[in-house]
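The values are calculated or read from the model by the stated rules, or taken from the named source; none is laboratory data. Because the structure is a prediction, the values reported are computed rather than measured. Don't worry about glycine lacking a Cβ; one is built from the backbone with ideal geometry, like all the others, and counts go over all protein chains shown.
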There are 2 protein chains.
Amino acid sequence: MDEKYMELALEEAYKAFSTYEVPVGAVIVNNGKIIGKGYNKRETLKDPTAHAEIIAIKEASQYLGGWRLLGSTMYVTVEPCAMCAGAIISSRIDRLVIGAKGPKMGCCGSTMNLLDNPNFNHRVDITFGILEEECSQIMKDFFKKLRNRK
Amino acid sequence: MDEKYMELALEEAYKAFSTYEVPVGAVIVNNGKIIGKGYNKRETLKDPTAHAEIIAIKEASQYLGGWRLLGSTMYVTVEPCAMCAGAIISSRIDRLVIGAKGPKMGCCGSTMNLLDNPNFNHRVDITFGILEEECSQIMKDFFKKLRNRK
């Protein structure tokens, strides 16, 4: 099941890729239903908060009619940054499934782990490495395309 | 000047207070001009990302026509959480002026400091304690009001 949902997150990432955005995609699942999805639109929307995860969380909270996404799982192709890890805490998502690691900005284990901090009022269960190869490859392809374009 | 802009952030916080939202307000200043402001609307918008800082950052990036808020200063009545500190990094805000500390969720020095992390590609200059008393008092008044209401 994790692979199936990560495939859908990858589909979102490909939408970002095709619009010259860093290719990250996310979906949020609650009770077996997709309640939110998103892909990075930072350049398109000229908005530094328009990461895939934030867009998916906004959609999911509108779907559920409240800001608490308890019982939800987020699938994301690349490890969330500080802002997105913070948004995951803020929305009370219970489980996070990650494709590729984010060695520079990732805040779910790579540079630090915000989701397992005893100071905060919420912790998140993390699974790494689902479709890691594909999630990592699309990032490499994107930066190669960007270099060739310049 | 810091007190003048923090007064405006406090005005935003009072708008949150009057709508039964945790009273946090923020303004963003660039070249002496207010380019974004916001107050917490988490309950009103049913959106876990609708903190004062995120709303102000979205407005400022629309104003400047791009996601980089270089040269900008954010004034916020309460120390930003992980999500908002991450958004401040993501938007390349240069300076952050804080009213009251956030001992439970604050990520700019209280529980940790995300804005001075050598792993990340951006650091932020922080000033604490501007109108601290007022920024702290409105929070106390709010939670007292909330307890009385229950």
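Worth a mention:
- Pair list, Cβ < 8 Å and 6+ apart or interchain, from the stretch A:84-113 residues that are farther than 14 Å from A:I57 by Cβ and facing chain B (nearest Cβ under 7 Å) to residues that are of a type in the set (K, R) and part of a loop (DSSP other than H, G, I, E, B): A:T111/A:K104
- Qualifying residue in the stretch A:114-123 (condition: over 19 Å from A:V24 (Cβ atoms) and in a strand (DSSP E or B)): no
- Here the stretch B:42-73 is the region considered, the condition is being facing chain A (nearest Cβ under 7 Å) and either of a type in the set (D, E) or under 15 Å from A:S90 (Cα atoms) (or both), and the residue that is surrounded by the most Cβ atoms within 10 Å (Cβ to Cβ) is B:I54.
- Among residues of the stretch B:1-33, those that are hydroxyl-bearing (S, T, Y) and either buried (at least 24 other Cβ atoms within 10 Å of the Cβ) or in a loop (DSSP other than H, G, I, E, B) (or both), counted: 2
- Residue ID - farthest from the other protein chains (Cβ to nearest Cβ), chosen from residues in the stretch A:74-83 that are touching a Gly at 6+ places or on another chain (Cβ under 6 Å) and not hydrophobic (A, V, I, L, M, F, W, C): A:T77
- Put simply, of B:P103, B:P80 the only residue that is assigned to a loop (DSSP other than H, G, I, E, B), at pLDDT 95 or above and not small (G, A, S) is B:P80.
- Selection count, the stretch A:34-48, where residues are more than 19 Å from A:L96 (Cα to Cα) and either part of a helix (DSSP H, G or I) or among the β-branched types (V, I, T) (or both): 4
- Selection of first residues in the stretch A:118-145 that are more than 14 Å from chain B (Cβ to nearest Cβ) and of second residues that are surrounded by 14 or more Cβ atoms within 10 Å (Cβ to Cβ) and part of a loop (DSSP other than H, G, I, E, B), restricted to Cβ pairs under 6 Å at least 6 apart or on distinct chains, gives the following pairs, ordered by first then second residue: A:I138/A:P23; A:F142/A:P23.
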